[in-house]
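The values are calculated or read from the model by the stated rules, or taken from the named source; none is laboratory data. Note that the structure is predicted; figures quoted are calculated from it, not measured. Positions of Cβ are backbone-derived with ideal geometry, glycine not excepted, and every protein chain shown enters the neighbour counts. Note: accessible area is taken over every heavy atom of the protein model, side chains too, but ligands, DNA and RNA are not part of it. Shrake-Rupley method; radii C 1.70, N 1.55, O 1.52, S 1.80 Å.
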Amino acid sequence: MGIDPHVATGRQKHHEVPVESEVVAPSAEVTVEEKMRYKLKTAAGKALYAARKHIVEPVFGMTKSARGTRRFLLRGLEKASAEWQLICLTHNLLKIWRHVNGAGVS
């Protein structure tokens, strides 16, 4: 399908310095998880995986923490989808309002 996924293989605490080890190409009989771990340790893999921090994840963090949206209030896929669209709409309107009024960046 032309998709090259970069999926986390473990968790790292915030501000924790990772232990650097030599990057060795995996052998043919390793697991999928070990192959992904190798891919994420390469320079290209680190750069692509790090990009998520300024592309998507801040929006979810703001939605969950600052706006208090922890779960959907409506049941069913169609209603939950409509609720999510409303949450995204208000997020974007708030960004526009803050930009126009000079009330900071989010």
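Residue by residue through the stretch 68-96, note down the ones that are among the basic types (Lys, Arg) and surrounded by 10 or more Cβ atoms within 10 Å (Cβ to Cβ). Quick ask: steps written out before the conclusion?
Of the residues in the stretch 68-96, the ones among the basic types (Lys, Arg) are 70-71, 75, 79, 95.
Within the stretch 68-96, 79, 95 qualify.
For residue 44, the conditions (1) outside any loop (DSSP other than H, G, I, E, B); (2) under 15 Å from the mean Cα position of the chain (by Cα) are fulfilled apart from (2). The selection criterion, being in contact with a Phe, Trp or Tyr (Cβ under 7 Å, 6 or more places away or on another chain), under 18 Å from residue 8 (Cβ atoms) and open to solvent by less than 80 Å² (accessible area, probe 1.4 Å), does not hold for residue 58.
All conditions in (1) open to solvent by 80 Å² or more (accessible area, probe 1.4 Å); (2) touching a residue at least 12 places away in the same chain (Cβ under 8 Å); (3) part of a helix (DSSP H, G or I) hold for residue 99, with the sole exception of (2). Based on what the data block shows, is residue 13 open to solvent by 80 Å² or more (accessible area, probe 1.4 Å), without any contact (Cβ under 8 Å) to a residue 60 or more places away in the chain and within 30 Å of residue 92 (Cα to Cα)? Yes.
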